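Engineer: Okay, handing you the structure first.
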Amino acid sequence: MDLIPRLLAGESPALARAITLVENQHPDARELVARLYPHTGQARVIGITGPPGVGKSTLTDQLAVRFRQEGMPVGVVAVDPTSPFTGGAILGDRLRMTRAAGDPGVFIRSLATRGQLGGLSRATGDVIKLMDAAGRRLILLETVGTGQAEIDVMNYAHTTVVVAAPGLGDEIQAIKAGIMEIGDVFVVNKADREGADRTVAELEMMLDMAPDRGGDAWKPRVLRTVARDGTGVDEVLREVKAHWGHLEQAGRLQVWRRRQAEFELAGMVRSLAAARLLEWAHQTGVWAEVRDRVVERSLDPCAGAELLLREYREAFGRRAAKSPGTAGRRGEV
Amino acid sequence: MSDIIRVLVAKPGLDSHDRGAKVVARAYRDAGMEVVYTGLHQTPEQVVEAAVQEDVDVVAISILSGAHDVLVPRIVNLLRERGRGDVLVLVGGVVPEEDIPALEQAGVARVFGPGSRLEEIVEFTRRCVRGQG
Amino acid sequence: MAGKSEGAERKESFITVSGREIERVYGPDAIAELDHAQDLGEPGEYPYTRGIHPTMYRGRLWTMRQFAGFGTAEESNARYRFLLEHGQTGLSVAFDFPTLLGYDSDHPRAEGEVGKLGVAIDTLADMEILFQGIPLDRVSTSMTINAPAAILWAMYVAVGEKQGVPRDRLTGTIQNDILKEYMAQKTFVFPPRPSMRLVTDTFAFGAREVPRWNTISISGYHIREAGATAVQELAFTLANGREYVRAGIEAGLRVDEFAPRLSFFFNSHVDFFEEIAKFRAARRIWARQMREHFGAKDPRSWMLRFHTQTAGCSLTAQQPENNIVRTALEALAAVLGGTQSLHTNSMDEAMALPSEDAVRIALRTQQLIAEESGVVNTVDPLGGSYFVEALTCQLEQEALAYFEKIDRLGGVIPAIEMGFFQREIADAAYRYQRRVEAGELTVVGVNRYTGGPATPIRLLRVGPESQRRQLERLARVRRERDELTVRHALRRVREVARGRENLMYPILEAVQAYATLGEIMGVLREEFGEYREEAIF
């Protein structure tokens, strides 16, 4: 783990290799993240989401350049889809970040979804932690942009920017359906195109109709940009910072942190618990037993799962009672 | 655990012929690899920075401008300086036969000239990367 | 043993190099819809399907124009004189990459690239040497230059003046086709809109000052080389043509004022009949578009005149002599398709710059077609062929369908920004490569009939010596010119770039003051911004 001091010193090759370990679920990855975790929590994360073709990468690029101008070390996580047929991927976002990519002060990492739904990669949370630990004070997280609801981003980002563009027609519907609620800042990019006014108006109307977020809640605004030439990007930057200011008041940041911790914790519980249960069931043969009963139609799958859980609890309930300290010790590793 | 091979398809220099680079990128994708494409007109420094950040196993350089003699060795050397001398460096494009030994000397694993089969490129890449592990 | 039935064929389907399925035989049914008067007409008559001149090659052969240029202006000048001595009738200048992208030879990005794949031009001084001893009133010159086209053209006009040749006697072509750069060739500098302004400024300058000059060569060649199919080449090129006409009209020009100076440039690939049909379809589509859509009145506006180059992408590094045969077939297709000028590739072009021997054979190939084969004795010898006419109609229909699709996307520039063309072309390139590797398409010497002794080819190389000489000359020009005049001229370029006046005039002043290409482009880069390609896959 000589990666750790180098990563903490901000060395790019070490950060890059650490991300690979996490992505590949390498045996060392858990310990790596565990040891770096105390060094995290410093970074601001901005999520950028929206339908395909609206210019998310270009806007991300422009924002990265501006944060660099303020002297902030920037990390960019850009997610692209993995082909379900071949398992391969072409990661094209970097190509659209030519302004930032020329600056070693911007660390860009392209991730493939590798089968994960929701617009992000499974490793996203850990990749953000690694960048955070490596001193990247500002992290831009760009989702896939499949046009489907990509709401996971709000669980990693302090501020979520939803990007739209004129002339996309149906995509506005997708925004309406899924991601209206998660946006803190709305951007109509390519605002020099015909139909921009209409897109802005539609988004504003939808925001007006959205359920009230409470008296002093943040009121999202709709901004216009032409990310290609930088028009309006400064305004987005100001709005993002205003949102931070808001988040820092009245204990909201603490609320956000709690929500974020709960999200990750719940996610880990789900995947760890399921993994443990399945492993146990396979090893003891209970799995095959229950499976066969499902095949015979004497149990439905849901009842089968409940049975598995019951059996597991019984098998471990005794042991857990005998050694109550297990969980505590594990936490110290 | 399956480690997916990551490839940077790089176009250094001023030539703008990206047909080959794009075809090869697709072939790698269809072979189950993750491909980052740099885009056109990259300096050796930009190529290497991308290779480092993306932690790729392979840098596949496509060059048809005739500037391979200057640009390719520079990329290889910069990779070494950044501690990534382990990256598999491949070159595709128009490189005269007599220039190949010098490139191989510099650290290029193989030069794929015009008419190379995609399958051959993919197989060679896979063999070299897996062989290293 | 039961033999093959009589109807059995060697393959399940027979496809062109573009993947088009071809039927066993074509008969009257295939052209039942064809109206002789409306769709074919006579040679030299609307819609010019059979050719733009009534006599075609009986009147005048095509211009044999070999693309050449490398190293310094001196070296290229020597090659031009060599070609003229061997019977070539027009010049075609290839520039190196730094020049194409508007960088001076001493720019850091130019390192290793100076003079490599074309001649390096930094200032008027280089251009003077390039055309030394070549009378510009008697030779027509084609310059393959796009983003900085206005500047190189201004240099040419200035050299003409130094030789005492008035502007209205200069003949030639600047490629100046920026739209296909965004689609395929990718040597763009500025964003599309200011680029189009530069193009329309050259149209206006040409119409006023250099009336015999072709101010644009709307090019499918590079689209095809990037992997497009025949119909994509046809459709995208003509779609670009329509876009330039629109831009000219929007810039306040009358269509008949500039349309006669529009010229085209196509690829001739190895699939013989599909290429011939493509050339014929191109003429018909263009004539109809210009007359019916744009309301042009002058027949010269309706005529599609084109240069052809045989397909560089069809050449193989394996068994390079085979390239002579491929090139001959492709050149023949171009002639049967009615081309106005022709470049035949040299057999070693898949590997490097062509050597003199290889260039001579390539030129002889054209001379042989012109003088020995007899195909020039009659106009459009394939006109009326069931197959060729059916194919011509098919290509026309498919191209029109592409026009509709492009219009639905909002026109050529929005479609470029969405990556439409780039994706179409990349898909086609990948499909082609897959077909070759699957053996569905044969490439002799590559996936069939391989082996045999390797032939050593003598390659022409551009050494560091050329680069050094070029850098020395550039330094000397910078030292000896009048700085004050240069600065003043560059300031003028900037002012006009910000306004609406024609940029050609201040650019001409700047080159005459020996401002460098990189300096002028630098000013325009600052004013117009630089284009970055965003959508690709």
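The values are calculated or read from the model by the stated rules, or taken from the named source; none is laboratory data. Please read these numbers as outputs of a predicted model, since none were measured by experiment. FYI the Cβ positions are ideal-geometry reconstructions off the backbone, even for glycines, and counts take in every protein chain you see. All accessible areas refer to the heavy atoms of the entire protein, side chains included, with ligands and DNA or RNA removed. Shrake-Rupley method; radii C 1.70, N 1.55, O 1.52, S 1.80 Å.
Engineer: Work out, in µm²/s and without decimals, the Stokes-Einstein translational diffusion coefficient of the protein assembly as shown at 4 °C, 1.567 mPa s, Rh from Kirkwood over C-alpha pairs.
Structural biologist: It comes out at roughly 42 µm²/s.
Engineer: Same structure, new question: Please report, in whole Å³, the volume per residue of the convex hull around the C-alpha atoms of segment C:50-437.
Structural biologist: Hull volume normalised by residue count: 137 Å³.
Engineer: Over chain C, calculate the relative contact order: mean separation of alpha carbon pairs under 8 Å at least 6 apart, over the residue count, as a percent.
Structural biologist: On the way: 954 pairs, mean separation 101.4, N = 537.
Dividing the mean separation by the residue count of chain C yields 19 percent.
Engineer: Between C:GLU480 and C:THR55, what length in nm is gained on full extension when 0.36 nm per residue of separation is reduced by their alpha carbon distance? Spell out each step's value before the answer.
Structural biologist: On the way: separation 425, 0.36 × 425 = 153.00 nm, distance 5.34 nm.
Extra length from C:GLU480 to C:THR55 when fully extended: 147.7 nm.
Engineer: Separate question: What are the semi-axes of the equivalent ellipsoid for chain B, taken as the square roots of 5 times the Cα gyration tensor eigenvalues, largest first, in whole Å? Before the final figure, lay out each step's value.
Structural biologist: Details: eigenvalues 77, 56, 43 Å².
Values for chain B, descending: 20, 17, 15 Å.
Engineer: Chain pair B, C: how much accessible area is buried, both chains summed, with a 1.4 Å probe, in Å² to 100? Before the final figure, lay out the partial values.
Structural biologist: On the way: alone 7180 and 22700 Å², together 26800 Å².
For chain B against chain C, roughly 3100 Å² becomes buried.
Engineer: Moving on. Residues in segment A:290-316, backbone N under 19 Å from the label point at A:ARG276 (7 Å along the Cα-to-beta-carbon vector): list them, ranges by number please.
Structural biologist: What the label zone holds, given the 19 Å backbone N cut-off, is A:305-316.
Engineer: Pop the C-beta distance of A:MET268 and C:ALA438 into the FRET formula with R0 = 35 Å and round what comes out to the nearest 0.05.
Structural biologist: 0.15
Engineer: Quick check on segment C:117-190: what are the equivalent-ellipsoid semi-axes from the Cα gyration tensor, as sqrt(5λ), descending, whole Å?
Structural biologist: So the three semi-axes of segment C:117-190 are 24, 13, 10 Å.
Engineer: Largest first, how would C:TYR48, C:TYR402 line up by accessible area (1.4 Å probe)? Walk me through the intermediate numbers first.
Structural biologist: Numbers: C:TYR48 10, C:TYR402 30 Å².
So, going from the largest accessible area down, we get C:TYR402, C:TYR48.
Engineer: Take every residue in peptide B:7-20, count the Cβ atoms of other chains within 10 Å of its Cβ, and give the average of those counts.
Structural biologist: 6
Engineer: Through the Karplus equation 6.51 cos²θ - 1.76 cosθ + 1.60, θ set to phi - 60°, convert the phi angles of segment A:191-197 into ³J(HN,Hα) values in whole Hz; use x for Gly and Pro.
Structural biologist: 5, 7, 8, 4, x, 5, 4
Engineer: Could you work out how far the C-alpha centroid of segment A:91-145 sits from that of segment C:88-167, in angstrom?
Structural biologist: That distance is 45 Å.
Engineer: How much FRET efficiency would the formula 1/(1 + (r/R0)^6) give for A:GLU235 and C:ARG500, where r is the Cβ-Cβ distance and R0 is 35 Å, rounded to 0.05? Show your work: numbers first, answer last.
Structural biologist: Values: r = 29 Å, r/R0 = 0.84.
Taking R0 as 35 Å, the efficiency between A:GLU235 and C:ARG500 is 0.75.
Engineer: Under the definition of partner shielding as Cβ atoms of other protein chains within 10 Å of a residue Cβ, what is the mean value for peptide A:12-23?
Structural biologist: Numbers: counts 6, 7, 1, 3, 8, 4, 1, 3, 7, 2, 0, 5.
The mean count of partner-chain Cβ atoms within 10 Å per residue comes to 4.
Engineer: Please report the relative contact order for chain A, taking Cα pairs under 8 Å with a sequence separation of at least 6, and give it as a percent rounded to a whole number.
Structural biologist: It comes to 16 percent, rounded to a whole number.
Engineer: Right, here's the next one. Name the long-range amide H neighbours of C:GLY172: under 5 Å, sequence gap of 5 or more, or other chain; modelled H, no Pro or chain starts.
Structural biologist: C:THR141, C:ASN214
Engineer: Once R0 is set to 30 Å, what does the formula 1/(1 + (r/R0)^6) return for the Cβ-Cβ distance between A:LEU8 and A:LEU253, expressed as a FRET efficiency to the nearest 0.05?
Structural biologist: 0.80
Engineer: In segment C:260-360, what trypsin sites (Lys or Arg not before Pro) fall in a loop by DSSP, with at most 14 other Cβ atoms inside 10 Å?
Structural biologist: Within segment C:260-360, the qualifying trypsin sites (Lys or Arg not before Pro) (loop, at most 14 other Cβ atoms within 10 Å) are C:LYS297.
Engineer: Continuing with the same structure: Using a 10 Å cut-off on Cβ atoms, rank the peptides C:31-43, C:423-435, C:248-260 from the highest mean neighbour count down.
Structural biologist: Highest-to-lowest ranking by the protection proxy: C:423-435, C:248-260, C:31-43.
Engineer: Could you run the Karplus curve 6.51 cos²θ - 1.76 cosθ + 1.60 with θ = phi - 60° over segment A:241-253 and give me ³J(HN,Hα) per residue in whole Hz, x for Gly and Pro?
Structural biologist: 5, 4, 5, 4, x, 4, 5, 7, 8, 6, x, 5, 4
Engineer: When all C-alpha to C-alpha distances in segment C:31-97 are sorted into bins of 10 Å, what percent of pairs does each bin hold, rounded to whole numbers?
Structural biologist: Result returned by the calculation: 19, 28, 19, 20, 12, 3.
Engineer: Need one number: nm distance between label points at C:GLU33 and A:ARG213, each 7 Å from Cα along Cα→Cβ, rounded to one decimal.
Structural biologist: With each label placed 7 Å out from Cα toward Cβ, I get 5.7 nm.
Engineer: I've got another one for you. Using alpha-carbon pairs under 8 Å, 6+ residues apart, how would you state the relative contact order of segment C:33-110 in percent?
Structural biologist: Relative contact order for segment C:33-110 comes out at 19 percent.
Engineer: Could you pull out every one of the aspartates and glutamates with an alpha carbon less than 16 Å from that of A:LYS241, ignoring same-chain neighbours closer than 8 positions?
Structural biologist: Excluding near neighbours in sequence, the set is A:GLU70, A:ASP184.
Engineer: Of the listed peptides C:218-230, C:128-140, what is their order by residue-averaged count of other C-beta atoms within 10 Å, with the highest listed first?
Structural biologist: C:218-230, C:128-140
Engineer: In segment A:3-249, what is the volume of the convex hull around the alpha carbon atoms, normalised per residue and reported in Å³? Mind dumping the intermediate values first?
Structural biologist: Working: hull volume 30.8 nm³, N = 247.
Dividing the Cα hull volume of segment A:3-249 by its residues yields 125 Å³.
Engineer: Give the average, rounded to an integer, of partner chain Cβ atoms located within 10 angstrom of each Cβ in A:105-117.
Structural biologist: Shielding by partners across A:105-117 averages 3.
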